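*Asks:* Below you'll find the structure I mean.
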Amino acid sequence: MRSQQARGFTLVEVLVALVVVALGLAALLTTVSSAARTSGRLRDKTVAQWIALNRIAEVRLNQTKFGENRDLGELKFANRTWHYDTRYFDTGFATVRRVVVRVYEGDSKTKGNPVVEVTGFLGAALGIPGSSNVDWSQGSAVGTPAPGGNPALPGTPTVPGAAPTVPGGAPTTPTNPTPVIGAPGPTVGAPGPAPTSP
């Protein structure tokens, strides 16, 4: 009778298993390092976005730099050094300027591409708040001054006693306010007698 010998893995089998494990670990390390790099890049872009938005707010609050075309600066933010380049551009409107802020990593001597670029606008209002009376193709207000010097809102008469008009020029019927439920009086919006044709 033969005695049964304990049999183990051969050297070739062990080497093949080690190669498979090494390839799996290499792929895992590549994925983890890529995720860490992406996370760091997103953190940098977020911080740079905050810096750029802060800079736009500073420009809007401090309009003394409105006349210059360019403004450079350096600051420490989130325990790092950053620098920004603020540029002012004319628009088609005399009272409005476009503000572009580019934020870079490092001090002002560091060269490279901006981490982020943000655009904002600075200037006076183009029309009356709450209205849409600007002809954007021309850059000027559509309404004519009403008596008393206030610009007319669309649909309001410029001559006292005239009927309001819509932008097409047709007169409109004034609307009545919505009635309070249970209040005496006629019902607003209730169908009336049908119009007769002549």
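*Asks:* Find the residue count for the range 7-30, including only residues that are loosely packed, with under 10 Cβ neighbours inside 10 Å, among the hydroxyl-bearing types (Ser, Thr, Tyr) and part of a helix (DSSP H, G or I).
*Replies:* 0
*Asks:* Regarding the range 41-61, can at least one residue be identified that is loosely packed, with under 10 Cβ neighbours inside 10 Å, at pLDDT below 90 and not acidic (Asp, Glu)? Show your work before the answer.
*Replies:* At the first step, the residues of the range 41-61 found to be loosely packed, with under 10 Cβ neighbours inside 10 Å are 61.
In the following step, the residues that additionally are at pLDDT below 90 were identified as 61.
Checking which are not acidic (Asp, Glu) leaves us with 61.
Yes; the residues of the range 41-61 include at least one that is loosely packed, with under 10 Cβ neighbours inside 10 Å, at pLDDT below 90 and not acidic (Asp, Glu).
*Asks:* Another question, if that's okay. Are there any pairs, at least 6 apart or on different chains, whose C-beta atoms fall under 8 Å, with the first in the range 95-115 and farther than 21 Å from ASN69 by Cβ and the second among the small types (Gly, Ala, Ser) and surrounded by 16 or more Cβ atoms within 10 Å (Cβ to Cβ), and if so, which?
*Replies:* That search, which allows pairs on different chains as well, returns GLU105/ALA48; VAL115/ALA48.
*Asks:* Have a look at TRP50, TRP82 and point out the one that is within 21 Å of GLY106 (Cα to Cα), aromatic (Phe, Trp, Tyr) and in a helix (DSSP H, G or I).
*Replies:* Values: TRP82 fails: in a helix (DSSP H, G or I).
Criteria check complete, one pass: TRP50.
*Asks:* Filter the range 99-154 down to residues that are at pLDDT 80 or above and aliphatic (A, V, I, L, M) and give me whichever is surrounded by the most Cβ atoms within 10 Å (Cβ to Cβ).
*Replies:* VAL103
*Asks:* Then there's this: Somewhere in the range 46-59, is a residue in contact with a helix residue (DSSP H, G or I) (Cβ under 8 Å, 6 or more places away or on another chain), closer than 23 Å to PRO114 by Cα, aromatic (Phe, Trp, Tyr) and without any contact (Cβ under 8 Å) to a residue 40 or more places away in the chain?
*Replies:* No, every residue in the range 46-59 fails to be in contact with a helix residue (DSSP H, G or I) (Cβ under 8 Å, 6 or more places away or on another chain), closer than 23 Å to PRO114 by Cα, aromatic (Phe, Trp, Tyr) and without any contact (Cβ under 8 Å) to a residue 40 or more places away in the chain.
*Asks:* Just for the range 66-79: of the residues that are in contact (Cβ under 8 Å) with a residue 12 or more places away in the chain and part of a loop (DSSP other than H, G, I, E, B), which one is farthest from ASP44 (Cα to Cα)?
*Replies:* The first filter runs over the range 66-79 and keeps only residues in contact (Cβ under 8 Å) with a residue 12 or more places away in the chain, leaving 66, 68-75, 77-78.
Still in the list and also part of a loop (DSSP other than H, G, I, E, B): 68-69, 78.
Values: GLU68: 29, ASN69: 27, ALA78: 10 Å.
Only one residue tops the list, namely GLU68.
*Asks:* Within the bounds of the range 99-107, is there any residue that is over 13 Å from ASN54 (Cα atoms) and assigned to a loop (DSSP other than H, G, I, E, B)?
*Replies:* Checked against the condition, which is being over 13 Å from ASN54 (Cα atoms) and assigned to a loop (DSSP other than H, G, I, E, B), the range 99-107 yields at least one hit.
*Asks:* Could you list all residues from the range 7-49 that are of a type outside the set (Ser, Thr, Tyr) and closer than 30 Å to THR86 by Cα?
*Replies:* ARG37, GLY40, ARG41, LEU42, ARG43, ASP44, LYS45, VAL47, ALA48, GLN49, listed by residue number.
The values are calculated or read from the model by the stated rules, or taken from the named source; none is laboratory data. The structure presented is a predicted model; accordingly, all values stated were derived computationally and were not measured. Ideal geometry is used to build each Cβ from the backbone, glycine not excepted, and the neighbour counts take in all protein chains shown.
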